[in-house]
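Since the structure comes first, as structure tokens, the remarks are kept for the end.
The values are calculated or read from the model by the stated rules, or taken from the named source; none is laboratory data. As the structure is a computational prediction, the values presented were derived from the model and not from experiment. Neighbour counts are summed over all protein chains in view; Cβ atoms, including those assigned to glycine, are modelled from backbone coordinates with ideal geometry.
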Amino acid sequence: MWTFLRRRIISSALPLIVVIVGVFALARLTGNPASLYLPLNATEQMRTDFTERNGFDDPLLVQMANYFGGVLRLDFGVSLRTGEPAGEMVLRAFPATLQLAGVTMLLAVVLAVIVGSWAALKPNGIVDRISSFASMAAASIPDFWLAIMGIWVFAITLGWVPTSGVDSPTSWLLPIAVLLMRPFGVLVQIVRGAMVTSLSEPYIKLARSKGASEVRVVSRHALRNAAAPALTVAGDLAVGLINGAVVVESIFGWPGIGKLMIDSILQRDFAVLQAAVLLTAVSIFALNILIDLGYALLDARVRPSDRARKRRVTPAAAQERKLNVQPTR
Amino acid sequence: MSSPLVNPQLPPGGRSVAPPSTEVIALPRSLAATKPGLFHLLLKDRFATAAAVVLLLVGLTALLGPTLMGDLATKQNLSATNQPPFSLAEGWQFILGSDSLGRSMLARLVVATQTTLSVALPAVGISLVIGSLWGVWAGFHRGWRETVSMRIADVIMSFPSLLLAVVVLYVFSPSAANIVLILALTRIPIYLRTARAESAELQSRTFVDAARTFGTKPSAIIRRHVIPVVLPTLLTLATLEFCYVMLAESSLSFLGIGIQPPDVSWGLMVAQGRQYLQTAWWLSLFPGLAIVITTVAANVLAAWLRIATDPAQRWRLTLKHKRKRFIARMPVKEDGR
């Protein structure tokens, strides 16, 4: 298990580093923040002072070295906008996004498993047709449009929920419903496909013939084997939620990391942008590793511990194993 | 594929084959006699036909619409501002209502169709060509070429693509050409991965080995033996990607870093209608509906294409509607449980 984890971490670290360097470089290309933060009639002296104070006149490599030095000490610099430490701002915004994404993903997975399994019980049946069309439509709706229409219908016309903010519990409903659509739509199709395959396998017939209840057959035997492909896609979708969050958070005024990123880009708040991207990249990185681990737990065929153990077999042990006919587990 | 019953490539003389033994998978006579072309297969599927027609209409609108509409999309009629839709009081051009400057929604939608497609299609085309060729090349040669290509794909994929687009478009001015480039760049890995996987599998097949034995150059093997096999998969993928790219362009335009006014795209129209939501809902509703309809149509067509271009599954489409159920794997109730 540890060999697997180590190898996985090393191979995912390269994209992580490239992303961080890339954001650093791209952010510098957006122009000098001095023209945005100083009044129009600022003197040349004031501009130079501002640039020097924030270290924007250093060569790029020096700036980058300073930045990475800071990151290692968990010092992400100071926001140009508010003067607060960027790390604190990002950490304050992160839980809001995490809660939103977490609840959305959980709901999407639960609903998709129920609907997908139900549809798979009778391929081409009425449930299957309705659910496959609905899921296709759900996956095709642009989130920003759905958000606006949701605000129009439920917030403005009916007045059931607030248009934006996080003040009341009802304000969670619209953002979650909007974010839910795409992951739900995609997952239903995946779960359905995997379940159709899994339900036609011989072990299902065996489970039925030994008298297992239909619920048990579906939930224990079929679902467990259909879970692996769904898990992979769910991981990609969770990463995609960060993209969706940028749009949905800015429409609903959700104080999350997506809104923070857009605001920092528009205001050239480099320190905050870098910290936000770093945190996002690290959480994607962690998520991917968690998914790989979950995959290994679910599917014995890719369970890495067995492979690793075989590889580490010493010649003596191999000899012993050959003599010992009993297969070792 | 030993049974002639499930072979879509049945020769014209297929009728002389022994009669089907199982009634359930018997093909209709007329179909078994001829080799069904793709177009005929399409007409057999109502949903896929409808989807194709919708896409065709959207394409025609983009191609001819702006000329037909003339300057209607920009002409302001201040006596007819924020006209609600479905009323012919102000003339046919206001059938879908008008915006706050009294411009016809219908005309603006038609012009926006052209803008939206002229971003989405080139972006899909560029990433399809580059990603596929690169992937096929990497998968065919294996070794370091494959490893390096896959790492590059990983790097691009692990970047939140919308964020990348936001940053890049903010740095360089948000013009249509830049949007096409950034969308193409972020979607190349999708084709790269698929093409590599397929081509890596193909290059170990016997027919490729045979070509190699005869001394065919790798470039010729890729062109004549690998690409024709991989192409259907990639084209299906491209249909799906078209939806993604269109949605991405709309999102960017919505955030204000995509298509810039006075140009108009569907996503931008939704964004512009947002501030009139309380008084003029149609400004946001219709362009969004246009996006949804086009995307769903492309999705349906892609789902059909996936089956139709797969020789192992194509026979499913030639069956009569009611019989599909029996052929689909895993009947629960029919199983005689």
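Can you list residue pairs whose Cβ atoms sit under 7 Å apart, with the first residue in the stretch A:1-22 being in a loop (DSSP other than H, G, I, E, B) and the second being loosely packed, with under 13 Cβ neighbours inside 10 Å? Count only pairs 6 or more apart in sequence or on different chains.
As it stands, the answer is A:M1/A:S305, since those pairs meet every condition given.
Any residue at all in the stretch B:215-233 that is within 14 Å of another protein chain (Cβ to nearest Cβ) and either within 19 Å of B:A52 (Cβ to Cβ) or touching a Leu at 6+ places or on another chain (Cβ under 8 Å) (or both)?
No, there is no match, as no residue in the stretch B:215-233 is within 14 Å of another protein chain (Cβ to nearest Cβ) and either within 19 Å of B:A52 (Cβ to Cβ) or touching a Leu at 6+ places or on another chain (Cβ under 8 Å) (or both).
Does A:L16 meet the test of being at pLDDT 75 or above and under 30 Å from A:A296 (Cβ atoms)?
In short, yes.
Among the residues in the stretch A:85-97, are any under 15 Å from A:I176 (Cα atoms), surrounded by 14 or more Cβ atoms within 10 Å (Cβ to Cβ) and touching a residue at least 40 places away in the same chain (Cβ under 8 Å)?
yes
Run B:D154 past the list (1) more than 14 Å from chain A (Cβ to nearest Cβ); (2) modelled with pLDDT under 85 and report the number of the one that doesn't hold.
Condition (1) is where B:D154 drops out.
Quick check on B:V292: is it among the β-branched types (V, I, T), within 11 Å of chain A (Cβ to nearest Cβ) and touching a Gly at 6+ places or on another chain (Cβ under 7 Å)?
The answer is no for B:V292.
So, in the stretch A:161-201, of the ones that are surrounded by fewer than 17 Cβ atoms within 10 Å (Cβ to Cβ) and of a type in the set (D, E, K, R), which residue ends up farthest from A:V246 (Cα to Cα)?
A:E201
Limited to the stretch A:114-125, what total is found for residues that are of a type in the set (A, V, I, L, M, F, W, C) and either free of Cβ contacts under 8 Å to residues at least 24 places away in the same chain or in contact with a Leu (Cβ under 7 Å, 6 or more places away or on another chain) (or both)?
So the answer is 3.
Please enumerate the residues belonging to the stretch B:234-273 that are among the β-branched types (V, I, T) and either within 14 Å of chain A (Cβ to nearest Cβ) or not in a helix (DSSP H, G or I) (or both).
B:T239, B:V245, B:I257, B:I259, B:V264, B:V270
With the requirement that a residue be modelled with pLDDT under 80 and over 20 Å from the mean Cα position of the chain (by Cα), what does the stretch A:224-263 give you?
A:R224, A:N225, A:A226
Which residue, of A:D143, A:D128, A:D167, is within 13 Å of chain B (Cβ to nearest Cβ), among the charged types (D, E, K, R), under 18 Å from A:G253 (Cα atoms) and out of contact with any His (no Cβ under 9 Å at 6 or more places or on another chain)?
A:D143
Condition check ((1) surrounded by fewer than 19 Cβ atoms within 10 Å (Cβ to Cβ); (2) free of Cβ contacts under 8 Å to residues at least 12 places away in the same chain; (3) within 16 Å of A:G256 (Cα to Cα); (4) not polar (S, T, N, Q)) across all residues:
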| residue | (1), (2), (3), (4) |
| --- | --- |
| A:L60 | yes, no, no, yes |
| A:S79 | no, no, no, no |
| A:V127 | yes, yes, no, yes |
| A:S131 | no, no, no, no |
| A:I141 | no, no, no, yes |
| A:G159 | yes, yes, no, yes |
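Can you list the helices (runs of 4 or more DSSP H) lying wholly within the stretch A:94-212 that have 2 or more residues being at pLDDT 85 or above and within 25 Å of B:Y276 (Cβ to Cβ)?
Working: elements: A:126-140, A:143-150, A:173-199, A:202-209.
Output list reads A:143-150, A:173-199.
Cβ-Cβ distance below 7 Å, separation of 6 or more or different chains: which pairs start in the stretch A:37-53 with a residue that is closer than 22 Å to A:Q63 by Cβ and end on one that is part of a helix (DSSP H, G or I) and modelled with pLDDT under 70?
Short answer, once both residue conditions are applied: A:R47/A:A34; A:F50/A:A34; A:F50/A:Y37; A:T51/A:A34.
Looking at (1) surrounded by 15 or more Cβ atoms within 10 Å (Cβ to Cβ); (2) at pLDDT 75 or above, which one does B:L64 not meet, given that it meets all the others?
All conditions are met except number (1).
All but one of (1) out of contact with any helix residue (DSSP H, G or I) (no Cβ under 6 Å at 6 or more places or on another chain); (2) surrounded by 13 or more Cβ atoms within 10 Å (Cβ to Cβ) hold for B:A48, so report the exception by its number.
(1)
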